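The values are calculated or read from the model by the stated rules, or taken from the named source; none is laboratory data. Please read these numbers as outputs of a predicted model, since none were measured by experiment. No Cβ is skipped: glycine too gets one built from the backbone with ideal geometry, and neighbour counts run over all protein chains shown.
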Amino acid sequence: MILEGRTLSASIRANLAARAQKVQQRLGRAISLCAIGSTEDYGAQVYLQKEVQAARNIGIEAHILLVNNQTPAADFLEMVRTASADDNTDAILIPRPLPAHLAATDYASLLAPQKDIDGMSVVNAGRLFLTKTWADVEALPAFVPCTAMAAMRLLAAHQVQVQGKEAVVIGRSTTVGRPLAHLLTCQNATVKICHTFTDLPRAVQNADIVCSAAGKAGLLQAQWLKPGAVVIDISTNWQNDRLCGDADPVSLAARDISYSPVPGGVGPVTLAVLLENLVLSGERKL
């Protein structure tokens, strides 16, 4: 089974423009997004432009502040602080990767949680990790990292049973791996988090669900997995002039392993969830 994400993405996005219009009518202005992005990573910059254009297409007012390796940390922190304090800014997005000296700052503590649509602020991250059940997650007055939530919604859309299953998450980032592992436990999976020092073939051999966010083409080998497993391939890598994930879809299909394709799997759902959170930031302000 191919766990494609475009159908789910279209479903999530179907009524967002109408919802944004209702907020605009009551607020007296369009929902406003401030994106602070780096010019040092070409792929991230292209994706940010795509996100901003998608936001504009549903009636969001969006502008981008650019940073680079020469941007002083103090200037970057002031951007975050100003956007967080501005009553006319409803949502803030800070895509990664950032230049190392900016990523090392404590910018997440300056993010206003009600504007933090990708769930990276200290408050939103803390609220997420205090949850125990999926009902707790759904009741959160906070934003959950978009990619992690997109992976969970893709599993649900394709009716993949999570409760009682053994799940493996490859990658321990604060924006994908760790929040995704927590969300899986909230749906009663038994979760293992893998990283650079993990014996990966051994770690995944009995897994029912494998979520790979390592960002390394060819890392996850189909022969390591048991037939009938499900692979959520989150990574986007360039190899031989084409976009691919961490696993080879042909090899997965040959072993009767269900998988999400790259492109067309988690990616479009992530964008849809981000747009949904954008509209939600305006609705919550009302």
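What to note about this one:
- In the range 104-152, of all residues being among the small types (Gly, Ala, Ser) and touching a helix residue (DSSP H, G or I) at 6+ places or on another chain (Cβ under 6 Å), the one that is farthest from Asn277 (Cα to Cα) corresponds to Ser109.
- Test result for Gly264, surrounded by fewer than 24 Cβ atoms within 10 Å (Cβ to Cβ) and at pLDDT below 95: no
- Of all residues in the range 129-147 being among the small types (Gly, Ala, Ser) and assigned to a loop (DSSP other than H, G, I, E, B), the one that is surrounded by the fewest Cβ atoms within 10 Å (Cβ to Cβ): Ala139
- For the range 254-261, the criterion of a residue being of a type in the set (Asp, Glu) and over 18 Å from Gly5 (Cβ atoms) is satisfied by at least one position.
- Selection count where residues are over 15 Å from the mean Cα position of the chain (by Cα) and more than 24 Å from Leu286 (Cα to Cα), scope the range 90-108: 11
- Against the test of being in contact with a Gly (Cβ under 9 Å, 6 or more places away or on another chain) and among the polar types (S, T, N, Q), the options Gln70, Gln49 yield a single qualifying residue, Gln49.
- Any pair with Cβ under 8 angstrom, 6 or more apart, that starts in the range 253-281 at a residue that is in a helix (DSSP H, G or I) and ends at one that is of a type in the set (Ser, Thr, Tyr) and surrounded by fewer than 23 Cβ atoms within 10 Å (Cβ to Cβ): Gly267/Thr236
- Within the range 213-261, the set of residues being surrounded by 14 or more Cβ atoms within 10 Å (Cβ to Cβ) and among the aromatic types (Phe, Trp, Tyr) comprises Trp224, Tyr259.
- Breaking point among (1) outside the structural domain of Arg26 (by TED's automatic domain parsing); (2) assigned to a helix (DSSP H, G or I); (3) of a type in the set (Gly, Ala, Ser); (4) surrounded by 14 or more Cβ atoms within 10 Å (Cβ to Cβ), for Ala108: (1)
- With respect to the conditions (1) closer than 23 Å to Val46 by Cα; (2) touching a helix residue (DSSP H, G or I) at 6+ places or on another chain (Cβ under 8 Å); (3) not acidic (Asp, Glu), Met79 falls short on a single one, namely (2).
- In the range 1-45, residue surrounded by the most Cβ atoms within 10 Å (Cβ to Cβ) [restricted to those that are in a helix (DSSP H, G or I) and of a type in the set (S, T, N, Q)]: Ser9
- Residue count, the range 85-94 (criterion: touching a residue at least 24 places away in the same chain (Cβ under 8 Å) and surrounded by fewer than 18 Cβ atoms within 10 Å (Cβ to Cβ)): 3
Residue-wise test of (1) over 25 Å from Arg242 (Cα atoms); (2) small (Gly, Ala, Ser); (3) without any contact (Cβ under 8 Å) to a residue 24 or more places away in the chain.
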site	(1), (2), (3)
Pro179	yes, no, no
His182	yes, no, no
Cys186	yes, no, no
Thr190	yes, no, no
Ile193	yes, no, no
Gln205	yes, no, yes
Ile209	yes, no, no
Ala217	no, yes, no
